[in-house]
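J.: What follows is a structure written as structure tokens; I'll ask about it next.
The values are calculated or read from the model by the stated rules, or taken from the named source; none is laboratory data. Just so it is clear, the model here is predicted, and its values are computed rather than measured. For neighbour counting, all protein chains shown are included, and Cβ atoms are generated from backbone atoms with ideal geometry for every residue, glycine included. Only protein heavy atoms, including side chains, enter the accessible area calculation; ligands, DNA and RNA are left aside. Shrake-Rupley method; radii C 1.70, N 1.55, O 1.52, S 1.80 Å.
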Amino acid sequence: MNKKKIEFEYKTKIKLLVDYNKNYYDASKPSVTDKAYDDLKNSILILESKYSFLNSKNSPSKIVGYKPSKNFLKTAHRVPMLSLANAFGRDDLINFEKRILNFLSKNSDFNLSYSAEPKIDGISASLIYKNSEFKIGLSRGDGKEGEDITANLATIKDIPKKIHSKDFPEEIDIRGEVFIQNSDFKNLNEKFANPRNAASGSLRQKNPNDTKKIPLRFIAYTFGFEKGLKIKNQIDFLDKLNDWGFKTNPLNKLVTGVDNLLINYFNIEKDRTKIDFDIDGIVYKINNFELQKRLGNVANAPRWAIAHKFASNKAISKIINIEIQIGRTGALTPVAKIKPVNIGGVIVSNATLHNEDEIDRKDIRVGDLATIERAGDVIPHILSVDKRKRDKQSIKFIFPKKCPSCGSKTIKEFNHITKKEDAVRRCASEGYVCEKIVIEKLKHFVSKEAFNIEGFGKKIVENFWKLNLIKLPQDIFNLDFKKIENLEGWGKQSMENLKYSINQRKNISLEKLIYSLGIRHIGVENAKILSKYFKSFSNFVSFSSGTSLDDILDIDGIGETQLNSVKGFFNNKINLNILKELQKVLIIKDAVTKDKNGLLKEKTFMVTGKLNGISRAEVKSLIEENSGSSVSTITKKLNYLIIGDKPTKKKVDQAKELQIPILNQNQFLKMLNITS
Ligand code: IVH
């Protein structure tokens with residue numbers, strides 16, 4: 001085929017796909033079957049991978065939400081579906097409340113009211129309504145994009161298809177939980193391990209008629225984006241949901257203060273088995289929407305909500321072996337292999353032992369009978385072992401002093417802040433020497449929060465490593481796909497899918513790239529901070545050669561530990577080479593601040609002294625939301641020093657000397673058009 005013909009074929013296919021998308025998304029009337037749609041999409045992707053001159057802005061490789069999927073189309077959530085932090089007892093709740101009061105700069109006598117909502121263990125869903133009609137229903141997916149399961153959700157009676165109330169917002173994304181009642185579950189003919197699996201399985205049926213057979217229910221509890229919602233707090237919102245025709249949890253309650261949260265918690269836990277659906281805890285949400293907005297989110301959970309989990313399930317089983325796993329930072333983590341045991345509906349065969357000290361303290365040995373605890377989605381752990389039932393020949397477990405993978409010496413670092421030796425023992429080898437560390441680094445590189453290469457799971461990383469297909473991160477982008485196609489368990493289609501997923505991620509943001517490198521102490525948040533500071537990949541790399549790296553200490557959030565770790569990373573030649581090679585195969589997007597043209601564009605701020613009614617953390621988020629940055633030391637590059645009550649004299653003097661403008665709280669708030 002000549003070039004012209006290929007281009008013509010490509011363009012015709014793209015045009016057809018655009019039509020299909022239009023029918024599906026705008027008119028909500030799919031004009032072809034899912035299979036025909038997927039086939040067309042795949043044929044476009046195959047053409048693109050064969051002929052590099054093909055390119056279109058409407059290509060499925062460029063449009064979010066049109067990725068290949070087995071049964072369902074993926075669509076980005078306009079507002080991400082977050083998860084919740086967990087609390088296990090009174091102390092966690094007190095800390096949660098303290099953090100909130102600190103952030104809002106309120107005294108401890110300030111009364112916080114919460115909407116306390118029993119947490120149903122089901123599958124969350126997002127329902128998009130436009131002009132009072134149910135239009136699109138999405139699964140949670142990875143929180144950023146979900147699967148379009150509109151047809152299946154539409155079979156659920158509890159989900160209103162049309163809303164007749166006058167005060168229903170023009171547009172709203174109602175979120176809640178799809179679940180099966182226990183009594184309904186008992187009568188099901190289909191074989192599922194528990195109600196949650198049954199709900200999840202039936203929601204993912206290809207044919208909505210199969211979903212219809214399962215008595216799914218829906219309870220609403222929050223919203224994503226909205227246009228025209230006139231409610232000021234969560235409890236009123238829950239009431240409104242009822243008025244509009246949604247079901248809500250009858251046990252939801254407005255509660256003030258931690259003590260009352262605990263009373264409510266024990267009351268509900270006591271009657272837990274009398275309720276006809278499974279709950280695994282209680283969600284507490286700050287009732288006032290205004291406060292929720294001020295509090296905002298950290299990484300992927302809101303600051304204003306927490307899930308208070310019910311006591312976990314326990315079981316007794318035998319420890320068959322103690323294995324040492326090596327993490328990507330070299331940490332040696334002991335894991336107990338136990339005789340498989342059912343704990344609260346889940347078969348458990350591994351339990352974490354945390355570290356060497358924990359084994360010592362509890363005197364845990366191979367062959368012991370152990371009590372194992374599992375709480376929610378947390379990794380099971382060993383509470384205690386029964387020393388009386390222990391074999392006479394049993395011997396104390398000796399923790400290896402050399403790395404079981406590469407034989408390097410292991411060390412326990414000294415923590416300069418706590419002035420104590422670290423509990424964790426680590427392989428002391430650096431960079432890409434220890435086989436187990438390398439494999440873990442590669443798994444991290446392709447993982448969800450990092451490059452997020454779909455279909456590139458942990459097993460594939462291990463397998464490709466063994467086959468010498470990948471040894472370093474850059475190898476992922478130079479894979480020999482012909483070889484992969486011929487591997488056992490692979491074929492043309494699965495190879496094409498992998499190739500597609502990898503190609504899709506060649507376009508990456510600087511913050512994701514930094515996070516993917518797996519530099520110790522540089523998690524999602526710190527990677528974000530560094531990327532904002534360096535702005536471009538070339539800045540990031542060039543900093544490696546200069547002492548100017550010390551400047552990153554000025555950034556709020558980066559401390560000595562992080563700085564030393566970044567320095568250590570740049571001191572390693574292999575790392576520098578990896579960066580060079582990655583640059584050749586990737587398109588690395590410069591850092592973008594949320595609102596590039598915010599009111600505080602390109603300005604740096606520092607705060608000293610106590611502000612009135614607003615915490616440091618909130619000032620920092622306000623600055624960042626408005627495209628400024630906040631720093632922790634005074635240099636001549638600082639644009640403004642904000643002073644509150646009792647400022648540090650030295651800082652004020654330094655600022656005066658460097659002729660840095662000094663603002664009081666009101667002057668600062670005025671810059672943001674906030675008057676107090
Ligand atoms: S609010 C932004 N409310 O818990 C807060 N979630 O771990 C997140 N869940 O994915 C959603 N009951 O599946 C919220 N009353 C409730 C809930 C609830 C159950 C689930 C939901 C979510 C998960 C978060």
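J.: Are any residues in segment 248-284 more than 12 Å from the ligand (Cβ to nearest atom) and polar (S, T, N, Q), and if so, which ones?
T.: Selection gives 256, 260, 264, 267, 273.
J.: Follow-up. Has segment 360-381 got any residue that is open to solvent by 70 Å² or more (accessible area, probe 1.4 Å), part of a strand (DSSP E or B) and not small (Gly, Ala, Ser)?
T.: no
J.: Anything in segment 129-143 that is away from the ligand (no atom under 16 Å from the Cβ) and open to solvent by 20 Å² or more (accessible area, probe 1.4 Å)? List them, or say none.
T.: Hits for segment 129-143 are 130, 131, 132, 133, 134, 135, 136.
J.: Related question: What number goes with the only condition from (1) open to solvent by less than 80 Å² (accessible area, probe 1.4 Å); (2) without any contact (Cβ under 8 Å) to a residue 40 or more places away in the chain that residue 659 does not pass?
T.: The one condition residue 659 does not meet is (1).
J.: Among the residues of segment 293-316, write down those that are polar (S, T, N, Q) and open to solvent by 60 Å² or more (accessible area, probe 1.4 Å).
T.: Of everything in segment 293-316, those that are polar (S, T, N, Q) and open to solvent by 60 Å² or more (accessible area, probe 1.4 Å) turn out to be 297, 300, 313.
J.: Please pick out the residue among 664, 612, 673, 639 that is touching a Ser or Thr at 6+ places or on another chain (Cβ under 6 Å) and surrounded by fewer than 18 Cβ atoms within 10 Å (Cβ to Cβ).
T.: Selected residue: 639, the only one of 664, 612, 673, 639 that is touching a Ser or Thr at 6+ places or on another chain (Cβ under 6 Å) and surrounded by fewer than 18 Cβ atoms within 10 Å (Cβ to Cβ).
J.: Is one or more of the residues making up segment 383-400 at pLDDT 90 or above, part of a loop (DSSP other than H, G, I, E, B), within 30 Å of residue 507 (Cα to Cα) and of a type outside the set (Ser, Thr, Tyr)?
T.: No, there is no match, as no residue in segment 383-400 is at pLDDT 90 or above, part of a loop (DSSP other than H, G, I, E, B), within 30 Å of residue 507 (Cα to Cα) and of a type outside the set (Ser, Thr, Tyr).
J.: How many residues does segment 317-356 contain that are of a type outside the set (S, T, N, Q), open to solvent by 60 Å² or more (accessible area, probe 1.4 Å) and closer than 21 Å to residue 427 by Cβ?
T.: 3
J.: Mind checking whether some residue in segment 326-346 is outside any loop (DSSP other than H, G, I, E, B), among the β-branched types (Val, Ile, Thr) and within 12 Å of the ligand (Cβ to nearest atom)?
T.: Scanning segment 326-346 turns up no residue that is outside any loop (DSSP other than H, G, I, E, B), among the β-branched types (Val, Ile, Thr) and within 12 Å of the ligand (Cβ to nearest atom).
So that you can scan it fast, the table gives a plain yes or no per residue for (1) among the hydroxyl-bearing types (Ser, Thr, Tyr); (2) at pLDDT 90 or above; (3) farther than 28 Å from residue 649 by Cβ:
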position	(1), (2), (3)
523	no, yes, yes
533	yes, no, yes
550	no, no, no
560	no, no, no
575	no, yes, yes
578	no, yes, yes
586	no, yes, yes
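J.: Additional query: With respect to residue 100, determine if the residue is open to solvent by less than 20 Å² (accessible area, probe 1.4 Å), within 15 Å of the ligand (Cβ to nearest atom), touching a residue at least 60 places away in the same chain (Cβ under 8 Å) and of a type in the set (Val, Ile, Thr).
T.: yes
J.: Condition (residue is of a type in the set (Asp, Glu), out of contact with any helix residue (DSSP H, G or I) (no Cβ under 8 Å at 6 or more places or on another chain) and over 21 Å from residue 295 (Cβ atoms)) applied to segment 619-634: is it met by at least one residue?
T.: no
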